[in-house]
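Structure first, commentary second.
The values are calculated or read from the model by the stated rules, or taken from the named source; none is laboratory data. All figures in this text were calculated on a predicted structure; none of them were measured in a lab. Cβ sites come from the backbone with ideal geometry, for glycine too, and all protein chains shown count toward neighbours. We work out accessible area using only protein heavy atoms, side chains counted, and drop any ligands, DNA or RNA first. Shrake-Rupley method; radii C 1.70, N 1.55, O 1.52, S 1.80 Å.
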Amino acid sequence: MKLLITGLSHHTAPVEVREKLAFEEQALPGALDRLCRRPGMVEGMILSTCNRVEVAVTAEESSDAANSVDEFLAEARSVEPSWVSPYLYHYNGPDAIRHLFRVASSLDSMIVGEPQILGQLKSAYMLAKEHGSVSGFLDLVMTRAFNVAKRVRTETEIGSSAVSVSYAAVELARDIFGSLSGKRVLLVGAGKMAESAARHLRRAGVSDILVTNRTRSRADALAEEFHGRVVEYDEMAVTLPDVDIVIASSGAPHFILTKDLMQGVITRRRHRPMFLIDIAVPRNVEPSVNTLDGIFVYDIDDLDRVVKSNLTARVNVAEQAEEIITEEVERMMLRLKTREVTPTIVSLQEQLELVRMSEIERVRAKLGVLTPQQQEAIEAMTRGIINKIAHAPITEMRRKANDPEGIQLIHTIRKLFRLGEG
Amino acid sequence: MADSSIFWLRVAAVLYAMGLLHSMLAILKRRNDFYGFALGTFRVGVVLQGVAIVELAMAEGRLPVENFYGSINVCAFLIALVFLFVDWRYHFASTSIALFPLVFLMTLVAGMRQPVSAWSDVRVRDAWLIVHIILVLAGYAALLLTAVSSVFYLIQERRLKSKKSPSLLEKLPPLGTLDDLISTSMGFGFVFITLGVIFGVMWAYIELGTSWVGNASISLSFVTWGLCLAMIFMRASAGWRGRKAALMALVVLGCGALTWVAHAGLRPTLIP
């Protein structure tokens with residue numbers, strides 16, 4: 001049995017190719033069905049996200065699985081095989097396992113360390129499992145891939161820093177306030193990015209969201225979405241001392257939060273820290289506000305710099321993660337080889353025992369009545385013969401279990417002794 | 001006449017102790033529910049202290065401010081009166097955090113102008129001194145934590161202000177956590193040092209009568225306590241954080257260290 005992964009990703013294909021190859025969620029059960037019905041296929045799983053489409057299969061040794069999967073992809077997505085083939089990659093055996101571990105650990109992602117891919121991979125696995133198209137070898141590899149991803153996340157800091165502007169704002173808020181529980185946020189203006197930042201803050205534990213906007217209806221809609229309340233635009237300055245985080249994204253052509261205004265606000269707050277996130281262009285917060293004690297101002301460029309610095313840090317951490325992947329692939333290969341050796345040894349011993357028993361039965365009639373001592377002697381002699389025959393192949397299989405040619409040896413022994421497919 | 005004035009003064013000190021208790025609870029628990037009761041006892045204390053001053057003035061035939069005890073007594077009384085006026089006129093209750101302990105300690109010292117009999121048991125005397133030392137050292141330990149946290153706060157604040165992220169500094173706790181740590185350690189530091197000073201003053205009073213007043217090392221410990229009180233007050237009322245709070249904490253810690261060094265050889269100078 002062999003493992004093969006065929007696919008394309010943001011590394012090999014532009015978005016116009018990826019979108020053509022992507023499977024809709026409701027089309028996946030039918031596609032899995034058609035994949036597993038192809039000749040030689042044993043198991044199959046399809047991962048389809050905006051950044052990658054991958055088909056993982058286990059197939060019989062004799063089958064031409066790579067071509068078969070290429071054909072399947074072209075047929076399933078109604079594209080010409082010659083059009084899609086330049087974008088496809090194929091990984092076999094240990095390389096396939098390594099690729100799977102890297103994908104699960106988010107080392108192959110567009111944003112290294114992003115957490116979504118693991119969830120998408122788990123969903124693809126669950127669907128294939130429910131559908132019955134993953135049950136043996138692939139199941140084992142997938143389960144291991146999830147554990148490897150968990151190990152990478154635990155032992156490295158691959159996912160610890162923010163790599164989106166909104167999330168960077170939340171991380172900075174945590175650096176300032178620690179826990180965000182009980183903190184109050186004011187949205188000034190109702191831009192999309194402000195909305196996203198507010199959503200992240202809400203998830204991070206912010207309990208109270210206030211919205212102020214020149215257009216009242218938009219403020220009402222946002223307040224409803226976040227279960228917050230609207231503050232009249234003219235009353236914003238009065239509300240500011242009670243607010244811990246301000247997200248400014250108003251379209252005003254001038255500074256709304258000036259140094260003079262904020263000086264009064266921070267005094268009334270008795271210098272309790274305040275975080276101003278200015279994602280408006282032109283900016284809403286006068287830059288010199290950042291010089292006031294207790295007030296931290298980050299504009300869109302500052303947040304972008306934080307994101308870039310975190311991305312660079314992630315690439316450095318990825319090297320550490322690659323070492324874990326290498327170690328885990330070796331461990332997995334060893335496990336797979338050991339898994340193949342044990343049943344082969346048992347089959348060999350059973351096969352030889354069958355031969356011994358049938359030969360004794362065949363000659364028993366010719367020998368006539370045997371004394372118990374004679375019977376015992378024949379048993380001992382035949383058992384000794386088969387043990388001597390089995391000794392060399394069993395020793396060799398155990399010795400080569402860790403070597404790359406171990407799998408080949410197992411196949412040869414199975415073929416020589418006609419042990420059948422295990 | 002003088003004996004009864006001392007009696008009223010000591011009763012006033014006990015009543016002022018309720019104010020001290022209120023301050024400690026307000027600092028540690030950040031709750032003010034004990035304020036009403038403490039203010040009531042404080043008012044009664046002011047009346048009794050006034051009675052004590054009048055009695056003494058009548059006995060001596062002049063305003064009793066000619067020695068250290070008399071002047072500190074009148075000074076504490078005036079501070080208490082000013083506080084009551086400010087509280088009545090402007091409802092400025094937050095000053096009570098600093099003034100209640102100050103008035104209490106001044107009145108306590110003022111009430112020690114008449115020596116009392118020496119220790120009945122030498123073991124009690126030694127145990128008393130050990131409690132004083134442990135309380136003061138615990139206070140200094142808490143102040144050290146305050147100072148270290150304040151410096152970390154300053155570094156973290158600089159990092160966030162400068163918008164740079166050196167990897168080593170990212171490991172520092174969030175500002176909010178450091179702020180909590182500063183408040184808590186400062187509160188405990190103040191409580192331990194206040195109790196330590198009270199125990200120390202009482203020990204010195206019983207042991208040495210009135211001869212300890214004016215000793216430079218002991219005066220330094222009062223200065224340390226005063227700075228600690230000022231730090232607590234500035235944080236509670238004006239919200240001192242960041243640079244100011246860090247500098248103040250370092251000054252208090254430095255003063256505490258000097259007091260400690262000065263006290264290392266104090267006993268032989270007090271007891272020849």
DSSP loop (so not H, G, I, E, B), at most 14 other Cβ within 10 Å: list which trypsin sites (Lys or Arg not before Pro) in segment B:148-255 pass both filters. B:164
Where in segment A:31-139 are there trypsin sites (Lys or Arg not before Pro) that are in a DSSP coil and have at most 12 other Cβ atoms within 10 angstrom of their Cβ? A:37
Considering protein heavy atoms only and a 1.4 Å probe radius, which residues within segment A:151-190 exhibit an accessible-area decrease of no less than 40 Å² in the full assembly relative to the chain by itself? A:175, A:176
Under the rule a/c < 1.5 gives rounded, and otherwise a/b versus b/c splits prolate from oblate, where does chain B land using the Cα gyration tensor? oblate
R0 = 56 Å: FRET efficiency of residue A:137 with residue A:373, Cβ-based, nearest 0.05? 0.65
Calculate, for residue A:301 and residue B:84, the FRET efficiency according to 1/(1 + (r/R0)^6) with r their C-beta to C-beta distance and R0 45 Å; round to the nearest 0.05. 0.25
Set of aspartates and glutamates near residue A:415 by C-alpha distance (under 17 Å), chain-local residues within fewer than 8 positions excluded: A:60, A:61, A:340, A:350, A:396, A:405
Roughly how many percent of the accessible protein surface of segment B:1-148 is carbon and sulfur, given a 1.4 Å probe and a whole-percent answer? 72 percent
Packing rank of A:258-269, B:14-25, where each peptide gets the mean count of other beta carbons within 10 Å, highest leading: B:14-25, A:258-269
Cross-link pairs A:150/A:337; A:122/A:337; A:183/A:259; A:150/A:192 - those with Cα-Cα distance over 31 Å: A:150/A:192
Lys pairs in chain B, Cα-Cα under 23 Å, at least 8 apart or on separate chains: how many? 5
Please list 3J(HN,Hα) in residue order for segment A:170-187, calculated via the Karplus relation 6.51 cos²θ - 1.76 cosθ + 1.60 where θ = phi - 60°; whole Hz, with x for glycine and proline. 5, 4, 5, 4, 5, 5, 7, 9, x, 6, 8, 4, x, 7, 10, 10, 10, 8
Shielding by partners - mean other protein chain Cβ count within 10 Å, residues of A:272-278: 2
Spin-label point model (7 Å from Cα, Cβ direction): what's the residue A:351 to residue B:33 distance in nm? 8.3 nm
Provide the percentage of antiparallel DSSP beta bridges, counting only those with both residues in the protein assembly as shown; round to the nearest 5. 50 percent
Expected output is a single nm value to one decimal: the length gained when fully extending between residue A:160 and residue A:24, i.e. 0.36 nm times separation in residues minus the C-alpha distance. What is it? 45.8 nm
Relative contact order in percent for segment B:55-196 (Cα pairs under 8 Å, 6+ apart) equals 24 percent
For chain A, the accessible surface attributable to carbon and sulfur atoms (probe 1.4 angstrom, ligands and nucleic acids excluded) amounts in percent to 53 percent
In terms of the alpha carbon gyration tensor, root eigenvalues a ≥ b ≥ c, rounded if a/c is under 1.5 and otherwise prolate when a/b exceeds b/c or oblate, segment B:1-132 is oblate
Per the helix-only calculation at 222 nm, which mean residue ellipticity applies to chain A, given -39500 (n - 2.57) for every DSSP H run of n ≥ 4 and division by its residues, nearest 500 deg cm²/dmol? -18500 deg cm²/dmol
Would you kindly compute the Cα radius of gyration of the protein assembly as shown and its largest Cα-Cα separation (Dmax), both in Å? 40.5, 145
Considering only protein heavy atoms, what per residue accessible area in square angstrom results for chain A with a 1.4 angstrom probe? 49 Å²
Note: B vs A interface, total accessible area buried (1.4 Å probe; ligands, DNA, RNA excluded), nearest 100 Å², is 1600 Å²
With the cut-off at 1.5 for a/c, could you classify segment A:1-127 from its C-alpha gyration tensor as rounded, prolate or oblate? rounded
Under the 7 Å Cα-to-Cβ spin-label approximation, residue B:66 and residue B:243 lie apart by a distance in nanometres of 5.2 nm
Which percent of the accessible area of segment B:171-230 is formed by carbon and sulfur heavy atoms (probe 1.4 angstrom)? 73 percent
Residues of segment B:12-141: accessible area per residue with a 1.4 Å probe, Å²: 51 Å²
